[in-house]
1. Given the options Leu328, Leu307, Leu282, name the one that is touching a residue at least 12 places away in the same chain (Cβ under 8 Å), assigned by TED's automatic domain parsing to the domain that holds Thr380, surrounded by 17 or more Cβ atoms within 10 Å (Cβ to Cβ) and under 14 Å from Ala441 (Cβ atoms).
2. With respect to the numbered conditions (1) out of contact with any Pro (no Cβ under 9 Å at 6 or more places or on another chain); (2) free of Cβ contacts under 8 Å to residues at least 40 places away in the same chain, which one is the sole condition not fulfilled by Thr420?
3. Would a scan of the range 210-221 turn up a residue that is in a helix (DSSP H, G or I), over 28 Å from Ser88 (Cα atoms) and basic (Lys, Arg)?
4. What residue, of Ile49, Ile75, is in contact with a Cys (Cβ under 6 Å, 6 or more places away or on another chain), among the aliphatic types (A, V, I, L, M) and assigned by TED's automatic domain parsing to the domain that holds Leu101?
5. Within the range 71-91, does at least one residue satisfy the condition of being under 29 Å from Ala325 (Cα atoms) and surrounded by fewer than 24 Cβ atoms within 10 Å (Cβ to Cβ)?
6. Take the range 423-445 and flag every residue that is among the β-branched types (Val, Ile, Thr) and at pLDDT 90 or above.
7. Which members of the range 341-355 meet the condition of being in contact (Cβ under 8 Å) with a residue 60 or more places away in the chain and over 19 Å from Leu280 (Cβ atoms)?
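The values are calculated or read from the model by the stated rules, or taken from the named source; none is laboratory data. Being a predicted model, the structure only gives us computed values, none of them experimental. Don't worry about glycine lacking a Cβ; one is built from the backbone with ideal geometry, like all the others, and counts go over all protein chains shown.
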Amino acid sequence: MPVTARSYLGLLVLGLGTLVAPLDSAVNIAFPRITGDFGVPLADIRWVIICYVLTHTSLMLVFGKLGDLYGHKRIFTAGLALSVVTFSLCAIAWEFEYLLLFRVSQGVSAALVMSCGPAIATSLFPEEYRARVLGAYLTMFGIGGALGPSIGGILVAEWDWPAVFWARAPIAFVALLLVFVLPNPPRRSASSNFDSTGAVLVAAAMSSFLLTITQLQRAEDYPIAVGLLALTALAAILAYIRRAARHPSPVIRLDVFRRIEFTFLNCGNVAINFTGFSVLLLAPYYLATQSGLEVGLAGVVLAMSPLGVVLASPMGGWSMGKVAANRLAFLGVLLVGGGTFLVGRWDGTPGIVAMALPLLMSGVGLGLFQVAYMNIVTGTLPLSDRGVAGSLAMLTRTIGIVGAASLLTWLFASLEAGNTQNGESPDQSFIHAFQLTFDFASAVLIGFLLISLIRPGTWFGRTTEGAQS
C-alpha cells in the first residue's frame, strides 16, 4: 500500500476526532462551578469522573471487537456522531443526576472513538510504518492532556462550566464531516459472528472491577457492598474465561496471555500509568499551595509532564527502527520511576528547574513506554484483531489511572491527617504526606520492574515487529 497525501489527511482527521477524548481533562477545572451550581457536596463530584471512565473503559474491548468484525470506520463514525449529541446534553444538564446520566452516554461515545483509533491509524499506512504512526497518534493524547486544563480554565472563566462540553461538540462535528477521507471497512467475513454474551461478561467484569478499585477506600464503612463488587468482578472474569475457551470468535482471545513476557508488558502499562498519573493528580496541589509560584508560572511547570509525552511519542515511534520496542519500554519505565522519585524529594523551597525537570523526565518516559507498548501489542495480536489490540492498550492505561486516582488520593489524605494529629503544621503535614505518597508511587513501578526481571526477555528479548495475519 503506497503512502499518499490522503494517508496523512486521514491521520489528521483521526487525530482531530480523537482529540475530544483527552480534552476531557478540561472538565476537572470546572468541578467547583459544577458543585456550586447544582448544590451538591464536594465528595459527589467524583461521580462525574466515575460515570465517564467506568463506561468507556468497560466498553472499549467490546467496541474494538465490533470494529474488527464490521469495520473500524463505522465504529469511529458512530462515536463522533454520538459525541456531538452527548457534549450538548452534558452542557444543558438541568439536574446533577442528569449530568451523570449524560456522562455515561459520553463514556459510550468515547469508547466508540478510542477503541478503533489505533486500528484506523495503522490502516492508513504500510505495516512497516506502524511504530511511527502510533507515535503520531499518541501525540494527540499528550496534546489534549496538555491543552485541556488551560483551555478549560479560560472557558469556565468566560462562559461557566457548560463551556467545557460545548467547546468539544464543534470539534467532533468537523471530524464527522471529514470522516469520508478514512478508508472504507473491508467486507465482513461470512464466518464472523459477534459474541454478545462474552461482550456482556467483559463489560460486567471491567465495570465491577474498576468500581471495586474506586470504592476500596470506603471498604471499612461498607465492607459487604465492596465485597459483593469484588465477587461480581471475579465471577464475571471466570465466566468469560470459560466462554472464551468455547466461542470461535471471543471478544479477546486469552491464549495470547500465555506468553509471560506479553502479560508482563500489559501489567507494566497498568503500573507505569499508576505511577505516572500521580504527577497530574497531586503535583497541582503542591504547586498551588507550597511552591510560591504565580498561577500562570505554576501551570507552565505542570505542563512539563504532558509536554514530555508530546515530545517523546513521535521520537519513540521514529526510533523503533533502531531500538527494539521492549528496550525502549524499559527506558520509559526507568524514566518514569526516576522522575516520580525526584518529585517526592520536593521540600518547601525547590527551584523551578528542580520541579520542571522531574516532571519532564516522567512525561518523556511515559511517552516512550506507551508508543513502544502499543507497537508490541498491535504487533502481537493478529491483524484481524487490530481493534481489540488498540482497545487493550487503552484499557490497561485506564486501569492504572483509575487505580492511582483512587488509591493515591486515599493514601495522601490518610498520611496528611495522621501528620496533623501528630502535631505537625499544615504545611509540614502536606509536604511529608506528599513525599511519602510519591515514594510509594515510584516504589510500585520499581517493584514491578524488579519482579518482571525474573523474565529478562520481557525487556531485552526479541519482540514481534510485524502483525500476524
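1. Numbers: Leu328 fails: under 14 Å from Ala441 (Cβ atoms); Leu307 fails: under 14 Å from Ala441 (Cβ atoms).
None of the others qualify; the one that does is Leu282.
2. (1)
3. First, the residues of the range 210-221 that are in a helix (DSSP H, G or I): 210-214, 216-218.
If we keep only those that are over 28 Å from Ser88 (Cα atoms) as well, we get 212-213, 216-218.
Remaining after also requiring basic (Lys, Arg): 218.
There is at least one residue in the range 210-221 that is in a helix (DSSP H, G or I), over 28 Å from Ser88 (Cα atoms) and basic (Lys, Arg).
4. Working: Ile49 fails: in contact with a Cys (Cβ under 6 Å, 6 or more places away or on another chain).
Sole residue among the options that is in contact with a Cys (Cβ under 6 Å, 6 or more places away or on another chain), among the aliphatic types (A, V, I, L, M) and assigned by TED's automatic domain parsing to the domain that holds Leu101: Ile75.
5. Yes, that holds for at least one residue.
6. To start, the set of residues in the range 423-445 that are among the β-branched types (Val, Ile, Thr) comprises 431, 437, 444.
Result: Thr437, Val444.
7. Step one: list which residues in the range 341-355 are in contact (Cβ under 8 Å) with a residue 60 or more places away in the chain, which gives 341, 343-348, 355.
Asp347, Gly348, listed by residue number.
Residues checked against (1) over 19 Å from Met60 (Cβ atoms); (2) surrounded by fewer than 19 Cβ atoms within 10 Å (Cβ to Cβ); (3) in contact with a Leu (Cβ under 7 Å, 6 or more places away or on another chain):
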position	(1), (2), (3)
Ala354	yes, yes, no
Met361	yes, no, yes
Ala404	no, no, yes
Thr420	yes, yes, no
